[in-house]
Amino acid sequence: MAPLRCVTTTAHHSLVGSPTCLARPRRRSLASVRAAVAVQSEAKAKVSLIRIGTRGSPLALAQAHETRDKLKAVHSELADDGAVEIVIIKTTGDMILDKPLADIGGKGLFTKEIDDALLQGRIDIAVHSMKDVPTYVPEGTILPCNLPREDVRDAFICLTANSLSELPAGSVVGSASLRRQSQILYRYPSLKVVNFRGNVQTRLRKLKEGDVHATLLALAGLKRLNMAETATSVLSVEEMLPAVAQGAIGIACRSNDDKMMNYLSSLNHEDTRLAVACEREFLAVLDGNCRTPIAAYAYRDKDGNCSFRGLLASPNGSIVYETSRTGPYDFDGMIEMGKDAGHELKAKAGPGFFDSLQ
(Lines give C-alpha, C1' and ligand atoms only; values in the text may rest on other atoms or scores of the structure.)
Protein backbone atom coordinates (compact mmCIF):
# COMPACT_ATOMS: atom_id res chain seq x y z
CA MET A 1 0.00 0.00 0.00
CA ALA A 2 1.36 3.41 -0.99
CA PRO A 3 2.10 5.85 1.84
CA LEU A 4 -0.36 8.67 2.50
CA ARG A 5 0.59 12.00 1.00
CA CYS A 6 -0.59 15.56 1.68
CA VAL A 7 -2.39 16.86 -1.37
CA THR A 8 -3.20 20.49 -2.03
CA THR A 9 -5.79 21.34 -4.66
CA THR A 10 -5.24 24.49 -6.60
CA ALA A 11 -8.94 25.30 -6.48
CA HIS A 12 -9.54 25.15 -2.70
CA HIS A 13 -6.02 25.10 -1.18
CA SER A 14 -7.28 22.45 1.29
CA LEU A 15 -5.14 19.77 2.90
CA VAL A 16 -6.11 16.11 2.32
CA GLY A 17 -4.40 13.21 4.05
CA SER A 18 -3.42 11.97 7.48
CA PRO A 19 -3.60 13.96 10.78
CA THR A 20 0.16 13.81 10.81
CA CYS A 21 0.27 15.91 7.71
CA LEU A 22 -2.15 18.45 9.20
CA ALA A 23 0.03 18.90 12.31
CA ARG A 24 3.25 19.45 10.41
CA PRO A 25 4.65 22.88 11.49
CA ARG A 26 5.19 25.52 8.86
CA ARG A 27 8.64 27.08 8.66
CA ARG A 28 8.77 30.74 9.67
CA SER A 29 10.40 33.04 7.21
CA LEU A 30 13.50 34.99 8.22
CA ALA A 31 11.47 38.20 7.88
CA SER A 32 8.79 37.01 10.32
CA VAL A 33 11.42 35.98 12.86
CA ARG A 34 13.03 39.41 12.64
CA ALA A 35 9.63 41.08 13.05
CA ALA A 36 8.93 39.04 16.20
CA VAL A 37 12.29 40.00 17.70
CA ALA A 38 11.59 43.66 16.92
CA VAL A 39 8.23 43.48 18.73
CA GLN A 40 9.86 41.88 21.78
CA SER A 41 12.59 44.54 21.81
CA GLU A 42 9.99 47.29 21.62
CA ALA A 43 8.07 45.75 24.55
CA LYS A 44 11.25 45.69 26.63
CA ALA A 45 11.91 49.35 25.78
CA LYS A 46 8.52 50.28 27.21
CA VAL A 47 9.30 48.85 30.65
CA SER A 48 9.18 51.75 33.12
CA LEU A 49 12.52 53.16 34.16
CA ILE A 50 10.93 55.23 36.95
CA ARG A 51 7.69 54.55 38.82
CA ILE A 52 6.27 57.67 40.48
CA GLY A 53 4.04 57.13 43.51
CA THR A 54 1.31 59.69 44.18
CA ARG A 55 -2.13 60.21 45.64
CA GLY A 56 -4.97 60.09 43.16
CA SER A 57 -6.54 63.53 43.60
CA PRO A 58 -6.47 65.84 40.57
CA LEU A 59 -3.97 68.13 42.32
CA ALA A 60 -1.69 65.26 43.35
CA LEU A 61 -1.76 63.92 39.78
CA ALA A 62 -0.96 67.39 38.42
CA GLN A 63 2.11 67.45 40.68
CA ALA A 64 3.14 63.96 39.57
CA HIS A 65 2.74 64.97 35.91
CA GLU A 66 4.85 68.07 36.52
CA THR A 67 7.57 65.85 38.01
CA ARG A 68 7.34 63.40 35.10
CA ASP A 69 7.55 66.19 32.52
CA LYS A 70 10.61 67.74 34.19
CA LEU A 71 12.36 64.36 34.31
CA LYS A 72 11.63 63.75 30.63
CA ALA A 73 12.89 67.21 29.67
CA VAL A 74 16.23 66.76 31.44
CA HIS A 75 16.93 63.06 30.74
CA SER A 76 16.62 61.85 27.16
CA GLU A 77 16.34 58.18 28.15
CA LEU A 78 13.11 59.02 29.98
CA ALA A 79 11.49 60.74 27.02
CA ASP A 80 10.08 57.55 25.46
CA ASP A 81 6.45 56.68 26.09
CA GLY A 82 6.15 54.44 29.13
CA ALA A 83 9.62 55.20 30.48
CA VAL A 84 8.06 57.04 33.44
CA GLU A 85 4.99 55.43 35.01
CA ILE A 86 2.62 57.08 37.49
CA VAL A 87 1.31 54.77 40.23
CA ILE A 88 -1.73 55.95 42.23
CA ILE A 89 -1.77 55.04 45.91
CA LYS A 90 -4.72 55.69 48.22
CA THR A 91 -3.80 57.12 51.63
CA THR A 92 -5.62 57.20 54.96
CA GLY A 93 -6.31 60.90 54.46
CA ASP A 94 -8.03 60.14 51.15
CA MET A 95 -10.18 57.34 52.57
CA ILE A 96 -11.60 59.10 55.66
CA LEU A 97 -13.27 62.36 54.66
CA ASP A 98 -16.00 62.78 57.26
CA LYS A 99 -13.74 63.61 60.23
CA PRO A 100 -11.27 66.41 61.06
CA LEU A 101 -7.67 65.49 60.34
CA ALA A 102 -6.78 65.84 64.01
CA ASP A 103 -9.26 63.11 64.92
CA ILE A 104 -7.83 60.48 62.60
CA GLY A 105 -4.18 60.51 63.49
CA GLY A 106 -2.53 63.75 62.44
CA LYS A 107 0.96 63.17 61.06
CA GLY A 108 1.50 61.14 57.91
CA LEU A 109 -2.15 60.84 56.87
CA PHE A 110 -1.35 61.66 53.26
CA THR A 111 2.10 60.07 53.04
CA LYS A 112 2.33 56.80 55.02
CA GLU A 113 0.99 54.42 52.38
CA ILE A 114 3.13 56.06 49.70
CA ASP A 115 6.23 55.78 51.91
CA ASP A 116 5.42 52.10 52.49
CA ALA A 117 5.20 51.49 48.74
CA LEU A 118 8.57 53.20 48.31
CA LEU A 119 10.26 51.07 50.97
CA GLN A 120 8.70 47.90 49.52
CA GLY A 121 10.05 48.69 46.06
CA ARG A 122 6.65 49.08 44.42
CA ILE A 123 7.58 52.61 43.35
CA ASP A 124 10.94 54.33 42.78
CA ILE A 125 10.16 57.90 43.83
CA ALA A 126 7.32 59.52 45.77
CA VAL A 127 5.84 62.94 45.00
CA HIS A 128 4.37 64.82 47.97
CA SER A 129 2.90 68.20 48.79
CA MET A 130 5.54 69.26 51.30
CA LYS A 131 2.96 70.70 53.68
CA ASP A 132 1.63 67.13 54.13
CA VAL A 133 5.04 65.63 54.97
CA PRO A 134 5.81 65.11 58.70
CA THR A 135 8.98 66.74 60.00
CA TYR A 136 10.64 63.30 59.97
CA VAL A 137 10.96 60.95 57.01
CA PRO A 138 10.83 57.14 57.43
CA GLU A 139 14.14 55.33 57.92
CA GLY A 140 15.39 54.10 54.58
CA THR A 141 14.05 57.08 52.64
CA ILE A 142 15.46 60.49 51.79
CA LEU A 143 13.89 63.69 50.48
CA PRO A 144 16.63 65.28 48.37
CA CYS A 145 14.53 67.34 45.98
CA ASN A 146 12.11 70.26 46.00
CA LEU A 147 10.69 71.62 42.76
CA PRO A 148 10.50 75.43 42.39
CA ARG A 149 7.95 76.78 44.85
CA GLU A 150 4.63 78.09 43.61
CA ASP A 151 2.77 81.11 45.04
CA VAL A 152 2.46 80.56 48.80
CA ARG A 153 -0.65 82.70 49.33
CA ASP A 154 -4.20 81.58 50.07
CA ALA A 155 -7.13 82.30 47.76
CA PHE A 156 -10.48 83.56 49.09
CA ILE A 157 -13.43 82.04 47.20
CA CYS A 158 -16.96 83.33 47.67
CA LEU A 159 -20.06 83.93 45.55
CA THR A 160 -21.31 86.93 47.53
CA ALA A 161 -18.31 88.88 48.89
CA ASN A 162 -14.88 89.95 47.66
CA SER A 163 -12.94 89.40 50.88
CA LEU A 164 -13.17 88.05 54.42
CA SER A 165 -13.72 91.59 55.70
CA GLU A 166 -16.85 91.96 53.55
CA LEU A 167 -18.57 88.84 54.95
CA PRO A 168 -21.53 89.67 57.24
CA ALA A 169 -21.36 88.57 60.89
CA GLY A 170 -22.35 84.93 61.26
CA SER A 171 -21.20 83.95 57.78
CA VAL A 172 -19.89 80.39 57.57
CA VAL A 173 -16.37 79.82 56.22
CA GLY A 174 -15.37 76.24 55.40
CA SER A 175 -11.82 75.06 56.07
CA ALA A 176 -10.21 71.86 57.33
CA SER A 177 -7.03 73.77 58.23
CA LEU A 178 -6.60 74.82 61.86
CA ARG A 179 -4.00 77.31 60.65
CA ARG A 180 -6.63 79.05 58.50
CA GLN A 181 -9.38 78.68 61.09
CA SER A 182 -7.36 80.30 63.86
CA GLN A 183 -6.18 83.24 61.73
CA ILE A 184 -9.70 83.88 60.39
CA LEU A 185 -11.19 83.88 63.90
CA TYR A 186 -8.33 86.03 65.25
CA ARG A 187 -9.05 88.80 62.74
CA TYR A 188 -12.79 88.24 62.17
CA PRO A 189 -14.25 86.80 65.39
CA SER A 190 -17.81 87.43 64.16
CA LEU A 191 -17.43 84.73 61.48
CA LYS A 192 -18.13 81.04 61.99
CA VAL A 193 -15.62 78.46 60.73
CA VAL A 194 -16.57 74.81 60.09
CA ASN A 195 -14.60 71.71 59.09
CA PHE A 196 -14.60 71.43 55.30
CA ARG A 197 -12.70 68.54 53.71
CA GLY A 198 -12.30 67.07 50.24
CA ASN A 199 -10.25 67.80 47.16
CA VAL A 200 -10.37 71.17 45.41
CA GLN A 201 -13.22 70.19 43.09
CA THR A 202 -15.30 68.77 45.94
CA ARG A 203 -14.93 71.90 48.06
CA LEU A 204 -15.83 74.19 45.17
CA ARG A 205 -18.93 72.09 44.49
CA LYS A 206 -19.99 72.24 48.16
CA LEU A 207 -19.50 76.02 48.09
CA LYS A 208 -21.75 76.37 45.03
CA GLU A 209 -24.36 74.14 46.68
CA GLY A 210 -24.48 76.53 49.64
CA ASP A 211 -22.89 74.35 52.34
CA VAL A 212 -20.75 77.37 53.32
CA HIS A 213 -20.62 81.05 52.36
CA ALA A 214 -16.88 81.05 51.58
CA THR A 215 -13.74 78.96 51.68
CA LEU A 216 -9.97 79.35 51.39
CA LEU A 217 -7.72 77.28 49.14
CA ALA A 218 -4.00 77.35 48.41
CA LEU A 219 -3.40 79.49 45.35
CA ALA A 220 -0.56 77.12 44.37
CA GLY A 221 -3.01 74.25 43.98
CA LEU A 222 -5.41 76.31 41.89
CA LYS A 223 -2.57 77.38 39.61
CA ARG A 224 -1.34 73.82 39.14
CA LEU A 225 -4.89 72.79 38.21
CA ASN A 226 -5.24 75.77 35.84
CA MET A 227 -8.10 77.01 38.03
CA ALA A 228 -6.67 80.28 39.36
CA GLU A 229 -9.63 82.14 37.87
CA THR A 230 -11.89 80.58 40.52
CA ALA A 231 -10.25 82.76 43.19
CA THR A 232 -12.40 85.73 44.19
CA SER A 233 -9.35 87.43 45.68
CA VAL A 234 -5.90 86.56 47.03
CA LEU A 235 -4.98 87.08 50.68
CA SER A 236 -1.64 88.71 51.47
CA VAL A 237 0.79 86.80 53.68
CA GLU A 238 0.27 89.56 56.27
CA GLU A 239 -3.44 88.69 56.52
CA MET A 240 -3.02 84.91 56.24
CA LEU A 241 0.43 83.44 56.93
CA PRO A 242 0.82 80.24 54.86
CA ALA A 243 1.30 76.69 56.05
CA VAL A 244 4.82 75.38 56.52
CA ALA A 245 6.15 74.49 53.02
CA GLN A 246 2.94 75.61 51.28
CA GLY A 247 3.31 75.63 47.50
CA ALA A 248 6.36 73.31 47.55
CA ILE A 249 6.55 69.83 45.99
CA GLY A 250 8.92 67.33 47.58
CA ILE A 251 10.21 64.17 45.92
CA ALA A 252 11.51 61.25 47.99
CA CYS A 253 13.43 58.08 47.09
CA ARG A 254 15.11 55.23 48.94
CA SER A 255 18.28 56.35 50.68
CA ASN A 256 20.33 53.56 49.04
CA ASP A 257 19.09 54.27 45.52
CA ASP A 258 21.92 56.30 43.95
CA LYS A 259 20.33 56.18 40.50
CA MET A 260 17.12 57.88 41.68
CA MET A 261 19.05 60.36 43.82
CA ASN A 262 20.99 61.41 40.71
CA TYR A 263 17.77 61.87 38.76
CA LEU A 264 16.24 63.96 41.56
CA SER A 265 19.33 66.08 42.14
CA SER A 266 18.94 67.36 38.58
CA LEU A 267 15.49 68.72 39.43
CA ASN A 268 16.17 70.22 42.84
CA HIS A 269 15.56 73.96 43.31
CA GLU A 270 17.97 74.97 46.05
CA ASP A 271 16.27 78.22 47.12
CA THR A 272 13.06 76.29 47.71
CA ARG A 273 14.85 73.47 49.54
CA LEU A 274 16.48 75.91 51.97
CA ALA A 275 13.25 77.83 52.63
CA VAL A 276 11.33 74.61 53.26
CA ALA A 277 14.08 73.31 55.57
CA CYS A 278 13.92 76.54 57.60
CA GLU A 279 10.15 76.37 57.99
CA ARG A 280 10.16 72.65 58.83
CA GLU A 281 12.79 73.21 61.53
CA PHE A 282 10.46 75.78 63.10
CA LEU A 283 7.62 73.23 62.95
CA ALA A 284 9.77 70.46 64.40
CA VAL A 285 10.73 72.51 67.47
CA LEU A 286 7.05 73.20 68.14
CA ASP A 287 6.28 69.51 67.51
CA GLY A 288 3.47 70.67 65.28
CA ASN A 289 0.59 68.33 64.53
CA CYS A 290 -2.94 68.61 63.25
CA ARG A 291 -4.13 69.97 66.62
CA THR A 292 -1.67 72.88 66.58
CA PRO A 293 -2.28 75.93 64.36
CA ILE A 294 1.21 76.80 63.07
CA ALA A 295 2.23 78.94 60.10
CA ALA A 296 5.62 79.95 58.72
CA TYR A 297 7.16 81.54 55.67
CA ALA A 298 10.83 81.89 54.70
CA TYR A 299 11.88 83.59 51.49
CA ARG A 300 14.77 85.40 49.82
CA ASP A 301 14.21 89.14 50.16
CA LYS A 302 15.30 91.93 47.80
CA ASP A 303 18.70 92.11 49.51
CA GLY A 304 19.31 88.41 49.02
CA ASN A 305 18.83 87.57 52.70
CA CYS A 306 16.36 85.15 54.26
CA SER A 307 13.30 86.78 55.81
CA PHE A 308 11.30 84.54 58.11
CA ARG A 309 7.93 84.87 59.88
CA GLY A 310 6.41 82.30 62.18
CA LEU A 311 3.07 82.01 64.01
CA LEU A 312 1.61 79.80 66.74
CA ALA A 313 -2.06 80.10 67.73
CA SER A 314 -4.90 78.54 69.65
CA PRO A 315 -7.53 76.85 67.44
CA ASN A 316 -10.19 79.45 68.28
CA GLY A 317 -7.87 82.35 67.43
CA SER A 318 -8.02 83.84 70.92
CA ILE A 319 -4.24 83.50 71.36
CA VAL A 320 -1.68 84.24 68.65
CA TYR A 321 2.10 84.36 69.04
CA GLU A 322 4.25 85.69 66.18
CA THR A 323 7.93 86.20 65.51
CA SER A 324 10.24 87.19 62.64
CA ARG A 325 13.91 86.86 61.71
CA THR A 326 16.34 88.01 59.00
CA GLY A 327 19.68 86.42 58.20
CA PRO A 328 21.96 84.99 55.48
CA TYR A 329 20.37 82.74 52.88
CA ASP A 330 22.39 79.59 53.60
CA PHE A 331 21.43 76.16 54.93
CA ASP A 332 23.09 76.23 58.36
CA GLY A 333 21.97 79.77 59.12
CA MET A 334 18.39 79.14 58.01
CA ILE A 335 18.12 75.91 60.01
CA GLU A 336 19.29 77.81 63.08
CA MET A 337 16.85 80.62 62.30
CA GLY A 338 13.88 78.28 62.17
CA LYS A 339 14.97 76.47 65.30
CA ASP A 340 15.52 79.70 67.26
CA ALA A 341 12.13 81.10 66.21
CA GLY A 342 10.44 77.88 67.29
CA HIS A 343 12.06 77.95 70.72
CA GLU A 344 11.04 81.59 71.17
CA LEU A 345 7.34 80.88 70.54
CA LYS A 346 7.45 77.68 72.57
CA ALA A 347 8.77 79.64 75.55
CA LYS A 348 6.17 82.39 75.06
CA ALA A 349 3.31 79.90 74.95
CA GLY A 350 4.49 77.80 77.89
CA PRO A 351 3.74 74.10 78.48
CA GLY A 352 0.13 74.76 79.52
CA PHE A 353 -0.66 76.01 76.03
CA PHE A 354 0.33 72.72 74.37
CA ASP A 355 -1.29 70.60 77.08
CA SER A 356 -4.61 72.31 76.35
CA LEU A 357 -4.45 71.19 72.70
CA GLN A 358 -4.16 67.45 73.46
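The values are calculated or read from the model by the stated rules, or taken from the named source; none is laboratory data. Predicted, not measured: the structure shown is a model, and the values here were computed from it. Here Cβ is always computed from backbone atoms with ideal geometry, including for glycine, and neighbour counts include all displayed protein chains. Side chains included, ligands, DNA and RNA excluded: accessible areas come from the protein's heavy atoms. Shrake-Rupley method; radii C 1.70, N 1.55, O 1.52, S 1.80 Å.
What the table below lists for this structure:
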{"read-out": "Surrounding net charge for Ala220, when Lys and Arg each add one and Asp and Glu each subtract one, Cβ distance under 11 Å", "value": "+2"}
{"read-out": "Sequence of His213, His75 from largest to smallest accessible area, 1.4 Å probe", "value": "His213, His75"}
{"read-out": "Low-density loop positions, trypsin sites (Lys or Arg not before Pro), segment 57-96 - DSSP coil, at most 16 other Cβ in 10 Å", "value": "Lys90"}
{"read-out": "Ranked by how many other beta carbons lie within 10 Å on average, peptides 140-149, 121-130 from highest", "value": "121-130, 140-149"}
{"read-out": "Estimated distance in nm for a label pair at Asn226 and Ala169, the labels positioned 7 Å out from Cα along Cα-to-Cβ", "value": "4.5 nm"}
{"read-out": "Aspartates and glutamates whose Cα lies under 14 Å from that of Lys72, excluding same-chain neighbours fewer than 8 positions away", "value": "Asp80, Asp81, Glu85"}
{"read-out": "Qualifying chymotrypsin sites (Phe, Trp or Tyr not before Pro) in segment 230-307, DSSP loop, other Cβ atoms within 10 Å at most 14", "value": "none"}
{"read-out": "Gap separating the Cα centres of segment 279-355 and segment 112-164, nearest whole Å", "value": "19 Å"}
{"read-out": "In segment 261-348, trypsin sites (Lys or Arg not before Pro) in a DSSP loop with at most 10 other beta-carbon atoms within 10 Å", "value": "Lys302"}
{"read-out": "Of all accessible heavy-atom area on segment 197-262, the percent that carbon and sulfur account for (1.4 Å)", "value": "45 percent"}
{"read-out": "Estimated distance in nm for a label pair at Asn256 and Ser233, the labels positioned 7 Å out from Cα along Cα-to-Cβ", "value": "5.6 nm"}
{"read-out": "Contour minus Cα-Cα distance for Asp116 and Asp332 (0.36 nm per residue)", "value": "74.7 nm"}
{"read-out": "Over 20 Å between alpha carbons, listed pairs Lys192/Lys223; Lys223/Lys339; Lys90/Lys112; Lys131/Lys339; Lys302/Lys346", "value": "Lys192/Lys223; Lys223/Lys339; Lys302/Lys346"}
{"read-out": "Extended-chain gain in nm, criterion 0.36 nm per residue less alpha-carbon gap, Ser324 and Lys339", "value": "4.2 nm"}
{"read-out": "Residues listed by number, segment 309-336, amide nitrogen under 19 Å from Phe354 label point at 7 Å toward C-beta", "value": "310-316, 319-323, 336"}
{"read-out": "Protection proxy ranking of 154-166, 240-252 - average other beta-carbon atoms within 10 Å, highest first", "value": "240-252, 154-166"}
{"read-out": "Length-normalised contact order of segment 95-252 in % [C-alpha pairs under 8 Å, at least 6 apart]", "value": "38 percent"}
